[in-house]
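Enquirer: This is the structure, below, for whatever I ask next.
The values are calculated or read from the model by the stated rules, or taken from the named source; none is laboratory data. Computed from a prediction, not measured in an experiment: that's the story for all the values here. Virtual Cβ from ideal backbone geometry, glycine too; neighbours counted across all protein chains shown.
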């Protein structure tokens, strides 16, 4: 499983690229060196909360969007998450959830 530092760096990079900004341009907008942006994106450094706020303003996104990792998670993490959700259910509800998941997968496959 990826560390939070790695996920945060990937998310910042993803948003920066979606805004069509280079690391140099983003660094200029928040008054830091390009190598600092590189270190954050490659999970070598954590940004301070103040820098995160500046990055959010520069990238025109809510601060919390940096912590939306759901689409970056791998299959292993998603599977573990589903297992955890199922464990929280009582036996009867778990059986129903299983049937719903099975039917949904069957429908998606076109069976």
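Enquirer: Of the residues 96, 51, 86, 55, only one is out of contact with any strand residue (DSSP E or B) (no Cβ under 7 Å at 6 or more places or on another chain), surrounded by 15 or more Cβ atoms within 10 Å (Cβ to Cβ) and farther than 18 Å from residue 18 by Cβ; which? Before you say what the answer is, go through the steps one by one.
Expert: Numbers: 96 fails: surrounded by 15 or more Cβ atoms within 10 Å (Cβ to Cβ); 86 fails: surrounded by 15 or more Cβ atoms within 10 Å (Cβ to Cβ); 55 fails: farther than 18 Å from residue 18 by Cβ.
Going through 96, 51, 86, 55 in turn, the sole match is 51.
Enquirer: For the range 22-104, list the helices (runs of 4 or more DSSP H) that sit wholly inside it and hold at least 3 residues that are under 15 Å from residue 6 (Cα atoms) and at pLDDT 95 or above; which are they?
Expert: Filter on the range 22-104 gives 34-41.
Enquirer: Just to be sure before I move on: is residue 8 assigned by TED's automatic domain parsing to the domain that holds residue 102, modelled with pLDDT under 95 and part of a helix (DSSP H, G or I) in the structure I sent? Before the answer, list the steps.
Expert: Working: assigned by TED's automatic domain parsing to the domain that holds residue 102: no; modelled with pLDDT under 95: yes; part of a helix (DSSP H, G or I): yes.
In short, no.
Enquirer: Taking the range 13-22 only, how many residues are buried (at least 17 other Cβ atoms within 10 Å of the Cβ) and touching a helix residue (DSSP H, G or I) at 6+ places or on another chain (Cβ under 6 Å)? Give the steps one after another, and end with the answer.
Expert: First, pick out the residues of the range 13-22 that are buried (at least 17 other Cβ atoms within 10 Å of the Cβ): 13, 15-16, 21.
Then keep just the ones that are touching a helix residue (DSSP H, G or I) at 6+ places or on another chain (Cβ under 6 Å); that gives 13, 15-16.
Total meeting the criteria: 3.
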